[in-house]
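S.K.: Have a look at the structure that comes next, please.
Just so it is clear, none of the values below were taken in a lab; they were calculated from the coordinates. Only a predicted model underlies this, so the values are computations on that prediction, with no experimental measurement involved. Don't worry about glycine lacking a Cβ; one is built from the backbone with ideal geometry, like all the others, and counts go over all protein chains shown.
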Amino acid sequence: MQVIFIPEKGGFAKEACVELKKVENLPKKHSDHHMRSFSIWLLLLVHLGVRGSFAQTSPKQDSLLAILAKTPSDSAKVQLLLDIAKLYHTAPEARPWIDKAMALSRTANYQLGIANCLTNYNNYLYIEGKYDEVLKNCAIGIRIARPLKAHKTLGVLYNYIANIHNAKGEQRQALAAYQNALNEINQAVVPAFFPITIEGNIVKLYIDLREYKKALTYGLQAIEQAEKTGSTDAAGYISQHVGTAYLVLKQIPRSRFYFEKSLKIAHQTNDPHLIASVLSNLGEIYSQEGNAPKALAYYDQSLRIARANQDSEIEMWNLHGIAQEHYWKKEWQQAYDVTQQARQIAEKNQYKEYLTNFYLLLSDIEIGRGRLREGDAWRQKWHDLRTSISNETVLRATQELETRYQTAKKIAQINVLQQEQQIQQLSLRQKNLLIYSLAVLLVLAGVLGFLYYRYARQKQRLAQQENQLNEQKIIQLEQEKQLSAVDGMLRGQEEERSRLARDLHDGLGGMLSGIKSSLTGMSGNQIIPEESALAFGRVIDTLDSSIQELRRVARNMMPEALVRFGLKDALQDYVDYLNRSGGQAIDYQTFGLDERLPQATEIIIFRIVQELLNNVQKHANATQTLVQLIRDGSRFNLTVEDNGKGFDTSQLANEQGIGWLNIQSRVDYLNGTLDVTSAPGKGTSVTIEFIV
């Protein structure tokens, strides 16, 4: 039995296990197996995985649209448009949102936005089988993302390239591309399921290479890791891989267990591609067991979902399975009509290996109903196509063998020349032994000197390497010391701020309030001249102002709302206070902050926003400012933008101000990324992203 694995649309891979039958034999019951298993697909994520209904808006979409309407930043709008597109599974629904994001990115010359739009287009182009367009988009995207060091986007683009190599049967190139994808993803701030997803694709390649036991070993480990990290999507697809391996190995009970597990996850995640694929797998199991009604029921259900999602390969293989069931029942016309539908899809998409099966089945159908001439014609098409495929295989193998032969030939020639040279040298030594005795001694002396020189150099090199290692250890220790110092400094600052805020509010604030009360009482009980009364009133007013200023300082040191109600309400209170003071309009937006963050994290974020808004007030001369906080699962994004005078961002490298250093140190403490976009006269945008 020859097993052929063909990648599935949508970054998924379908496996067709095909038994090549001799021309003179009619097909036997269940001798032609077709199994589908998807390669797990990274979506960027913005590509954190596609969610949503088939054609329905969701509360999350409504929230994103509301934020989109209020967001002035082009880059933030692009991200929100792509987030909305991810809520859909089908291209007609998602593509208009991607088109809007691409148009805006090009108008604003937002290069990373262009790369991310190309990545999102690839999702649906891959499903439609337009591999050349996907590769073109990947080449452009990598060219854009590489200088930007956009590791997350690069990882997804390499994953698409790997999927296409896999689709072309170029497993080794696919492995190399998946490794590139894994290297990029490991340098990005991404959820834990990302590397598991790519490792799942590598497991799939072992199935493509027919190394089923190795696929099971890695696959079972990957499922366990995916379940530990809550990577539900990855667990679903890898479970299908494992079920496929067991099916090929004829271990039906285990195969059914993992297919049913995958189907359950697919329903939980509302993934129509995986649902359709696994339903077809289960149909194949029932077909092998001889349960035709159940097999047809599963094939029909999978076929409806595949057609609804324009998934041509799953549609084709369900038609093939249905046609085979009609064939076993000798329902020749139904079998013929359904096989023709499958054949048309295979010819349209140039699925040559699949076409051989359909030609052979059509031949068997015609022979079965007594139309020998038509059967022979289909059998001849099968033979011609098999010959063509075999010739292509032989040609590739011949070229590879020719390359190996030429390489071996050159190595052999080198060995012969080396042997001849050695013989000549031995002959010369024998003839001139006495003459060269002294020369030999000199050579030995030279060799000893050379060895000593090499020893000394090696010793020196080892000493240098040891010094470098020691220096690296010192640098590492200094970095750890700096991080510890920063951590201690931040904690100490917050504790000191809290203590000073309490002392000022409870101690000095109470004393001033008491003084004010005493003075107010005195003014009511004493008869004093009018001029003195006016002076006395000014003293009380000044005391009022001092009390208000004291309360403002105490609140800035440690806002009571932050401790009691959390980050969202504390920032709202702070923004309201700044808006009341006049000078600029601050728009405060939040999404996904219904649950509180750890208190230490909330304090750090509050301080960052406080420092950024302080910089806007001091330096930007802005009339409008946007403060936007978005939490999407474990991803947290903070954006502060203004329409002020802007500045040259290259000056930040030499910035020595305490405020900016505090912002940078706090971002480093959160293990996040800081991006500053600004230019003179064009305002400033500061974006901070980290994993909670």
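S.K.: What FRET efficiency would be calculated for the residue pair Leu661, Lys348, taking the C-beta separation as r and a Förster radius of 56 Å, to the nearest 0.05? Spell out each step's value before the answer.
M.R.: Numbers: r = 62 Å, r/R0 = 1.10.
Given R0 = 56 Å and the Cβ-Cβ separation, E is 0.35.
S.K.: Sort out for me the Cα centre separation of region 266-311 from region 577-600, rounded to whole Å.
M.R.: Between the Cα centre of region 266-311 and that of region 577-600, the gap is 49 Å.
S.K.: Arrange the following residues from fewest to most other Cβ atoms within 10 Å of their Cβ: Val563, Val203. Can you show the working numbers first?
M.R.: Numbers: Val563 13, Val203 26.
Exposure proxy ranking, most exposed first: Val563, Val203.
S.K.: Based on the mean of other beta carbon atoms within 10 Å per residue, what is the order of 569-575, 597-603, most packed first? The partial results should precede the final answer.
M.R.: Numbers: 569-575: 18.7, 597-603: 16.0.
Averaged packing, sorted descending, gives the order 569-575, 597-603.
S.K.: Another question about this same structure. Let me know the charge dipole size of region 571-691 about its Cα centre in debye, to the nearest 20, where only the beta-carbon of Lys, Arg (+1) and Asp, Glu (-1) is charged. Walk me through the intermediate numbers first.
M.R.: On the way: 9 positive and 15 negative charges, 45 e Å.
Dipole magnitude for region 571-691 comes out near 220 debye.
S.K.: How high is the relative contact order of region 571-691, in percent, counting Cα pairs under 8 Å that sit 6 or more residues apart? Mind showing how you got there, number by number?
M.R.: Details: 184 pairs, mean separation 30.0, N = 121.
About 25 percent, as a whole number.
S.K.: While we're here: Provide His619, His320 in ascending order of the number of other Cβ atoms located within 10 Å of each residue's Cβ, fewest first. Could the numbers behind the result be given before it?
M.R.: On the way: His619 14, His320 25.
Fewest-to-most Cβ neighbours within 10 Å comes out as His619, His320.
S.K.: Using Cβ counts within 10 Å as a stand-in for footprinting exposure, how do Ser277, Ser634, Ser255 rank, fewest first? Intermediate results must be reported in sequence, preceding the final value.
M.R.: Numbers: Ser277 34, Ser634 13, Ser255 24.
By the 10 Å Cβ count, ascending: Ser634, Ser255, Ser277.
S.K.: Shape verdict for region 571-691, please, from the Cα gyration tensor: rounded (a/c under 1.5), prolate (a/b greater than b/c) or oblate.
M.R.: Here region 571-691 falls in the oblate category.
S.K.: Just grab the label-to-label distance for Leu469 and Lys431, each label 7 Å out from Cα along the Cβ direction, in nm (one decimal).
M.R.: Spacing of the two 7 Å Cα→Cβ label points: 5.3 nm.
S.K.: OK, next. Each label point is 7 Å from the Cα along the Cα-to-Cβ direction; what then is the distance between the points at Leu441 and Arg564, in nm?
M.R.: Here the answer is 10.2 nm between the modelled labels.
S.K.: FRET efficiency for Ala292 and Asn109, Cβ-Cβ distance as r, R0 = 60 Å, nearest 0.05? Write out the running numbers ahead of the final one.
M.R.: Details: r = 60 Å, r/R0 = 1.01.
So, using R0 = 60 Å, E works out to roughly 0.50.
S.K.: Another question, if that's okay. Looking at Leu638, Gln617, Ser665, which one has the Cα that reaches farthest to the positive end of the dipole of region 571-691 (charges on Cβ: Lys, Arg +1; Asp, Glu -1)?
M.R.: So the residue furthest toward the plus end is Gln617.
S.K.: OK, next. Please identify which residues in region 74-90 have an amide N closer than 19 Å to a label point set 7 Å out from the Cα of Leu65, following the Cα→Cβ vector.
M.R.: 77-90
S.K.: Indicate the gyration tensor shape class of region 627-679 (rounded, prolate or oblate), computed on the Cα atoms with a ≥ b ≥ c the square roots of the eigenvalues: a/c under 1.5 is rounded; otherwise a/b larger than b/c is prolate and the rest oblate. Show your work: numbers first, answer last.
M.R.: On the way: a/c = 2.48, a/b = 1.35, b/c = 1.84.
Oblate.
S.K.: From the convex hull of the Cα coordinates of region 255-362, what is the mean projected area in square nanometres? Don't skip to the answer; put the middle values down first.
M.R.: On the way: hull surface 26.4 nm².
Quarter of the Cα hull surface area: 6.6 nm².
S.K.: Put a dot 7 Å past each Cα toward the Cβ at Ile423 and Ala679; how far apart are the dots in nm?
M.R.: 7.5 nm
S.K.: For region 169-280, what does the alpha-carbon gyration tensor say about shape, rounded, prolate or oblate, given a ≥ b ≥ c as the root eigenvalues, a/c under 1.5 as rounded, and a/b over b/c as prolate?
M.R.: Numbers: a/c = 1.86, a/b = 1.22, b/c = 1.52.
Oblate is the answer for region 169-280, as a/c is 1.5 or above yet b/c matches or exceeds a/b.
S.K.: Right, here's the next one. With r defined as the distance between the Cβ atoms of Tyr453 and Arg172 and R0 fixed at 41 Å, what FRET efficiency is calculated, to the nearest 0.05? Each step should come with its number before you reach the end.
M.R.: On the way: r = 43 Å, r/R0 = 1.06.
The formula returns an efficiency of 0.40 here.
S.K.: Follow-up question, since we're still on this one. Quote to one decimal, in nm, the extra length available between Ser388 and Ser634 on full extension: 0.36 nm per residue of separation minus the C-alpha distance between them.
M.R.: Numbers: separation 246, 0.36 × 246 = 88.56 nm, distance 5.23 nm.
Value of the extension gain: 83.3 nm.
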